[in-house]
1. Output the residues belonging to segment 90-107 that are open to solvent by 70 Å² or more (accessible area, probe 1.4 Å) and either touching a strand residue (DSSP E or B) at 6+ places or on another chain (Cβ under 8 Å) or in contact (Cβ under 8 Å) with a residue 40 or more places away in the chain (or both).
2. Filter segment 45-89 down to the residues that are surrounded by 11 or more Cβ atoms within 10 Å (Cβ to Cβ) and of a type in the set (Gly, Ala, Ser), then identify the one that is nearest to PHE4 (Cα to Cα).
3. Do we have any residue at all in segment 17-35 that's outside any helix (DSSP H, G or I), of a type in the set (A, V, I, L, M) and in contact (Cβ under 8 Å) with a residue 40 or more places away in the chain?
4. Looking at (1) outside any loop (DSSP other than H, G, I, E, B); (2) touching an Asp or Glu at 6+ places or on another chain (Cβ under 9 Å), which is the one condition that is false for ILE132?
5. Which condition number in (1) out of contact with any Phe, Trp or Tyr (no Cβ under 7 Å at 6 or more places or on another chain); (2) assigned to a loop (DSSP other than H, G, I, E, B); (3) open to solvent by 80 Å² or more (accessible area, probe 1.4 Å) is the one that LYS122 fails?
6. Quick one: would you say LEU158 is open to solvent by 80 Å² or more (accessible area, probe 1.4 Å), over 30 Å from ARG81 (Cα atoms), over 23 Å from the mean Cα position of the chain (by Cα) and of a type outside the set (Ser, Thr, Tyr)?
7. Can you pull out the residues in segment 1-16 that are within 37 Å of the chain's Cα centre (by Cα), assigned to a helix (DSSP H, G or I) and closer than 21 Å to HIS80 by Cβ?
Amino acid sequence: MSIFTRLHYFNCVVETGSISKASRIFDIQPSSISRQLVALEKELGIRLLNRNTRNIGLTEAGLTYYQYSQRIVSELDEAHRAVNELQQNPKGHLKVSMTVGFGESCVLPLIPAFIHQYPEVKIELELTERVIDMVEENVDIAIRSGHLPDSNLIARKLTDNNFLLCSSPQYITNNGLPLSTNDLHKFDCIRYGYAGWREWFVMKTKPPILLKN
């Protein structure tokens, strides 16, 4: 059981003056609260409460601990409320990184409606082709194509991202036309280096794709 739960139990027992009353508030057995209080005292190595059949009172150490425990629990409850408010009414700073083409064609047109719906969210957009470090650069959301390497990041597919294999007529005149994807290694490739694609990348099908003009 977490230390914060024990602090809640401890504070409630102090404020109600009774383990039984605290157990009814938390809807658990009195013996469960007693065990947690004993565990708390054992962790601290000092008695916090004086108990008898009728009353529960604070020791001197218990009074000092209760004063700190009150503030800790109050701050924790306030933190929970603040996070819940963010979920209900999003606010704050949101940094989003995406490629130039996708950002200009798909994301930027949606920004006015998003701002209208969530006026307390301040958006910072970064349009770039480079590979970024989301943690190092404090990026909340990155929109990229390709496979996500093993990491602690959470990825979600937004849409398909199809590419066309193209060539200038002059290049075909000078070098000939590949008859299938198996011939591509004989031809030059303008590589999309920022994204990490440094070689021909073609999804194979059966039979091989025929490249015709």
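1. The answer is LYS91, HIS93, GLU104.
2. SER69
3. Among the residues of segment 17-35, not one is outside any helix (DSSP H, G or I), of a type in the set (A, V, I, L, M) and in contact (Cβ under 8 Å) with a residue 40 or more places away in the chain, which makes the answer no.
4. Answer for ILE132: the failing condition is (1).
5. (2)
6. When the stated conditions are applied, LEU158 does not pass them.
7. ILE3, PHE4, THR5, ARG6, LEU7, HIS8, TYR9, PHE10, ASN11, CYS12, listed by residue number.
The values are calculated or read from the model by the stated rules, or taken from the named source; none is laboratory data. All of these numbers come straight from a predicted model, not from anything done at the bench. Using ideal geometry, Cβ is built from the backbone for each residue, glycine included, and neighbour counts are taken over all protein chains shown. Heads up: the accessible areas ignore ligands, DNA and RNA and are worked out on the full protein's heavy atoms, side chains in. Shrake-Rupley method; radii C 1.70, N 1.55, O 1.52, S 1.80 Å.
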